[in-house]
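Heads up: the structure comes next, in structure tokens.
Each reported figure results from applying straightforward, stated rules to the coordinates on display, with no laboratory input. Please read these numbers as outputs of a predicted model, since none were measured by experiment. Please note: Cβ atoms are built from the backbone with ideal geometry, for glycine as well, and neighbour counts cover all protein chains shown.
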Amino acid sequence: MLEDGFGREVSGVRISLTDRCNFDCVYCHNEGLGDTRGPMEPADGEMSTEDVVRFLEVAAEFGVEKAKFTGGEPMLRDDLEEIVRRTPDGIETSLTTNGTFLPERAEALVDAGLERVNVSQDALSPKAFREVTKSAAYDDVLAGIDAALEAGLTPVKLNMVVFEQTAGYVPEMVDHVAENEGLQLQLIEYMPELAGRPEWAIEIDRVHEWLEEQADRIERREMHGRRRYYVGEDDPALPGGMVEIVDPVGNPDFCANCHRVRVTHEGYLKGCLNRNDDLKSMGEMTRAEIREAFEATVDERVPYYGEYMVRDEDGEWTFNEKYLDAVEV
């Protein structure tokens with residue numbers, strides 16, 4: 001397993017299969033929906049099936065243990081089942097999706113070897129859902145979650161981005177996972193670095209404090225020291241559920257425990273989600289080119305907060321001068 005200069009092993013890869021999406025979420029940093037007619041062959045500029053599989057085979061050579069397929073909306077690719085099926089043994093596969101195509105494909109994905117799924121769900125009413133996602137597919141998402149549960153993709157983790165518009169929905173989402181077996185909730189801190197609109201950000205510590213009051217018990221994961229809040233367990237009438245917060249903004253501990261390399265749909269490697277000045281092309285996607293780019297990407301990985309970004313004398317985050325030559329201004 002490769003290790004960067006900060007002692008962080010790369011144990012996982014996050015692969016974007018497309019930048020197209022059939023939603024237009026207000027918080028998303030992606031630009032443009034692209035062609036969203038439905039699942040289809042890879043579009044021009046997207047990695048082919050063979051490209052993705054070849055990359056995964058090289059990643060397996062370096063001891064990578066987990067691969068998460070993302071987008072845009074990865075289920076707009078009709079080759080997703082084939083990619084999952086051809087992922088090398090020893091690499092756990094998972095998927096982040098808006099869930100709209102799961103009713104027709106969840107069972108086939110499980111048969112292909114998919115092990116886990118995250119479904120984006122930011123609200124529990126069609127009206128609120130439409131305001132956030134600009135989509136009327138609320139019922140399709142619920143059907144997709146049910147299909148994932150029926151196919152055995154348990155627990156299904158619901159992803160909810162927490163910002164000014166959705167913060168008020170958190171209590172009912174927490175109740176929802178406590179009341180429905182097989183669900184977990186992942187609250188994702190809104191990231192102005194990617195999406196802009198810093199005025200939409202909320203103090204995520206307030207959500208932590210509220211959950212501490214609601215939880216029946218709290219565990220702390222080794223990764224990131226992240227807390228898991230278990231709710232509804234003390235009520236014999238409820239199955240209970242788990243809530244976790246992903247809070248990377250201004251969090252050096254989060255960055256110090258990052259073990260992923262990202263792959264763009266165009267075939268570039270990224271060592272950090274927050275940066276676009278570290279993209280490395282895998283060229284024509286030959287094994288030799290993939291190996292070379294992967295090794296270079298890992299070697300040059302830098303924790304974003306605490307290294308690439310550091311505190312100034314006023315306590316504000318600013319670019320570390322040693323990386324200024326790489327910063328686009």
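Pairs of C-alpha atoms in region 12-303 farther apart than 35 Å represent 15 percent of all such pairs. Each part gets one Cα centre, and for region 115-142 versus region 251-323 those centres are 31 Å apart.
Looking at the chain as a GNM with Cα springs under 10 Å, which of Ser16, Ser135, Ser281 has the largest mean-square fluctuation? So, out of Ser16, Ser135, Ser281, the one fluctuating most is Ser135. Toward the positive end of the charge dipole of region 12-303, with +1 on the Cβ of Lys and Arg and -1 on the Cβ of Asp and Glu, the farthest Cα among Ile188, Gly240, Ala112 is that of Ile188. Along the axis of the charge dipole computed for the chain (Cβ charges of +1 for Lys and Arg, -1 for Asp and Glu, origin at the Cα centre), the listed residues Ala296, Ala123, Met285 are led at the positive end by Met285. Each Lys and Arg contributes +1 and each Asp and Glu -1, all at the Cβ; summed about the Cα centre of the chain, the dipole is approximately 280 debye. Comparing Ala237, Ala137, Ala167 in a Gaussian network model of the chain (Cα springs below 10 Å), the most mobile by mean-square fluctuation is Ala237.
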